[in-house]
Amino acid sequence: MKKLSIVVPYRNREHHLSVFIPEIEKYLADKGFLYEVFIIEQGDDKPFNRGKLLNVGFAESKQFDYFCFHDVDMIPINTDYSPVESPTHMATEAEQFGWKLPYEGYFGGVTMFDRDSFIKINGYANEYWGWGAEDDDILARCQIMGLGTYRRPGKFQSLSHDRNIDQSLYNQNLTKLNLLLNKPSEKRVMLDGLTNLTYTKVKEEAISEKAVKLTVSI
């Protein structure tokens, strides 16, 4: 049986984590999956960096067969975590978006990759700080590197939270994304991602039988 790594980028969402862990573990256990959950906590004072934390989670569990990059505020109601052979978006029906895609190219929230595909696209970009655009970037990476992308129907409850967006950082992220979209190249993809990933592991602790939390400085 193939082994699944659930990678969750995390910071300062204690209540969400207390809900997510038992819910995801029950859901996966009931369906007989072989899995572990990796909570990747950003332990420094820099702006939150979802993409880089997901790369860390991949690096720390790359012996697994396939990977689900999963936001902590997405609780599965009805979806399929079975193995994929291509990049696959799962959060097609999320409560926070009125049970539909927020826009046609949405590729965030919950996304699965096989190992080879994630390596081929060089993972997520490491330089999206603050909120937004890293999920649009990874969809573009898949297209640039010639990978087909798919949707698998998935219904998720959304845990509520405040969304404080630093507009300056968001504008920088959009500039970076538009550079990739306007001048797509394999070379640009390979310059930023798994190939230049650096981080320091600060702490590792088991938070359940199937989940570990890794605190990192990025």
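The values are calculated or read from the model by the stated rules, or taken from the named source; none is laboratory data. Fair warning: this is a prediction, and the values are worked out from it, not measured in the lab. Positions of Cβ are generated from backbone atoms using ideal geometry, with glycine treated the same way; all protein chains shown enter the neighbour counts.
Just the residues that are acidic (Asp, Glu) and closer than 17 Å to residue 48 by Cβ, please, taken from region 143-199.
Of the residues in region 143-199, the ones acidic (Asp, Glu) are 162, 166, 186, 192.
Correct list: 162, 166.
Here are 81, 103: which of them is free of Cβ contacts under 8 Å to residues at least 24 places away in the same chain and out of contact with any Lys or Arg (no Cβ under 7 Å at 6 or more places or on another chain)? Working first, answer last.
Details: 81 fails: free of Cβ contacts under 8 Å to residues at least 24 places away in the same chain.
The unique qualifying residue is 103.
For the subset of region 69-118 comprising residues that are touching a helix residue (DSSP H, G or I) at 6+ places or on another chain (Cβ under 7 Å) and not in a loop (DSSP other than H, G, I, E, B), which member is surrounded by the fewest Cβ atoms within 10 Å (Cβ to Cβ)? Explain how you work it out, then say what you get.
Step one: filter region 69-118 for residues touching a helix residue (DSSP H, G or I) at 6+ places or on another chain (Cβ under 7 Å), giving 69, 72-73, 75-76, 81, 86-87, 105, 107-108, 118.
With the extra rule that they be not in a loop (DSSP other than H, G, I, E, B), the set shrinks to 69, 75-76, 118.
Details: 69: 28, 75: 19, 76: 21, 118: 26.
Step by step, filter region 69-118, then rank; the result is 75.
Out of 93, 60, I need the residue that is more than 22 Å from residue 27 (Cβ to Cβ) and among the charged types (D, E, K, R). Which one?
Working: 93 fails: more than 22 Å from residue 27 (Cβ to Cβ).
Exactly one of 93, 60 is more than 22 Å from residue 27 (Cβ to Cβ) and among the charged types (D, E, K, R), namely 60.
Hey, can you tell me all the residues within region 154-174 that are in a loop (DSSP other than H, G, I, E, B) and either aliphatic (A, V, I, L, M) or closer than 14 Å to residue 74 by Cβ (or both)?
Step one: filter region 154-174 for residues in a loop (DSSP other than H, G, I, E, B), giving 154, 159-166.
Across region 154-174, the qualifying residues are 154, 159, 160, 161, 165.
Among the numbered criteria (1) surrounded by fewer than 13 Cβ atoms within 10 Å (Cβ to Cβ); (2) over 13 Å from residue 130 (Cβ atoms), which one does residue 163 miss?
Evaluating residue 163 over (1) surrounded by fewer than 13 Cβ atoms within 10 Å (Cβ to Cβ); (2) over 13 Å from residue 130 (Cβ atoms) leaves (2) as the failure.
Kindly list, by first and then second residue, each pair from a residue in region 40-59 that is closer than 17 Å to residue 205 by Cα to a residue that is assigned to a helix (DSSP H, G or I), limited to pairs with Cβ atoms under 6 Å and residues at least 6 apart or on different chains.
Filtered contacts from region 40-59: 40/53; 40/56; 40/57; 42/53.
Taking region 119-131 as the region of interest, how many residues are in contact with a helix residue (DSSP H, G or I) (Cβ under 6 Å, 6 or more places away or on another chain) and either surrounded by 23 or more Cβ atoms within 10 Å (Cβ to Cβ) or not hydrophobic (A, V, I, L, M, F, W, C) (or both)?
The number of residues fulfilling the criteria is 8.
Filter region 168-218 down to residues that are charged (D, E, K, R) and under 30 Å from residue 30 (Cβ atoms) and give me whichever is nearest to the chain's Cα centre (by Cα).
Pass one, region 168-218, residues charged (D, E, K, R): 176, 183, 186-188, 192, 201, 203-205, 209-210, 213.
The next check asks that each one be under 30 Å from residue 30 (Cβ atoms); those that pass are 204-205, 209-210, 213.
On the way: 204: 20, 205: 20, 209: 22, 210: 18, 213: 15 Å.
Among residues in region 168-218 that are charged (D, E, K, R) and under 30 Å from residue 30 (Cβ atoms), the one nearest to the chain's Cα centre (by Cα) is 213.
Which condition number does residue 26 fail, the rest of (1) assigned to a loop (DSSP other than H, G, I, E, B); (2) without any contact (Cβ under 8 Å) to a residue 60 or more places away in the chain being met?
For residue 26, the exception is condition (1).
Would you call residue 144 farther than 20 Å from residue 57 by Cβ and at pLDDT 95 or above?
Values: farther than 20 Å from residue 57 by Cβ: yes; at pLDDT 95 or above: yes.
Yes: the conditions hold for residue 144.
Of all residues in region 1-16, how many are over 16 Å from residue 43 (Cα atoms) and over 14 Å from the mean Cα position of the chain (by Cα)?
Residues in region 1-16 being over 16 Å from residue 43 (Cα atoms) and over 14 Å from the mean Cα position of the chain (by Cα): 5 in total.
Please find, among 124, 128, the residue that is more than 30 Å from residue 34 (Cβ to Cβ), in contact with a Gly (Cβ under 7 Å, 6 or more places away or on another chain), of a type in the set (Phe, Trp, Tyr) and outside any strand (DSSP E or B).
128
Which is out of contact with any helix residue (DSSP H, G or I) (no Cβ under 8 Å at 6 or more places or on another chain) and in a loop (DSSP other than H, G, I, E, B), of 57, 32? Before the answer, list the steps.
Details: 57 fails: in a loop (DSSP other than H, G, I, E, B).
Exactly one of 57, 32 is out of contact with any helix residue (DSSP H, G or I) (no Cβ under 8 Å at 6 or more places or on another chain) and in a loop (DSSP other than H, G, I, E, B), namely 32.
Evaluate region 185-205: report whether one residue or more is modelled with pLDDT under 95, part of a loop (DSSP other than H, G, I, E, B) and among the hydrophobic types (A, V, I, L, M, F, W, C).
No, there is no match, as no residue in region 185-205 is modelled with pLDDT under 95, part of a loop (DSSP other than H, G, I, E, B) and among the hydrophobic types (A, V, I, L, M, F, W, C).
When region 109-155 is examined, which residues are found to be more than 12 Å from the chain's Cα centre (by Cα) and at positive phi?
Within region 109-155, 122, 130, 132, 133, 146 meet the criteria.
Can you name every residue in region 16-48 that is crowded, with 21+ Cβ neighbours inside 10 Å and in contact with an Asp or Glu (Cβ under 8 Å, 6 or more places away or on another chain)?
Correct list: 20, 37, 38, 40.
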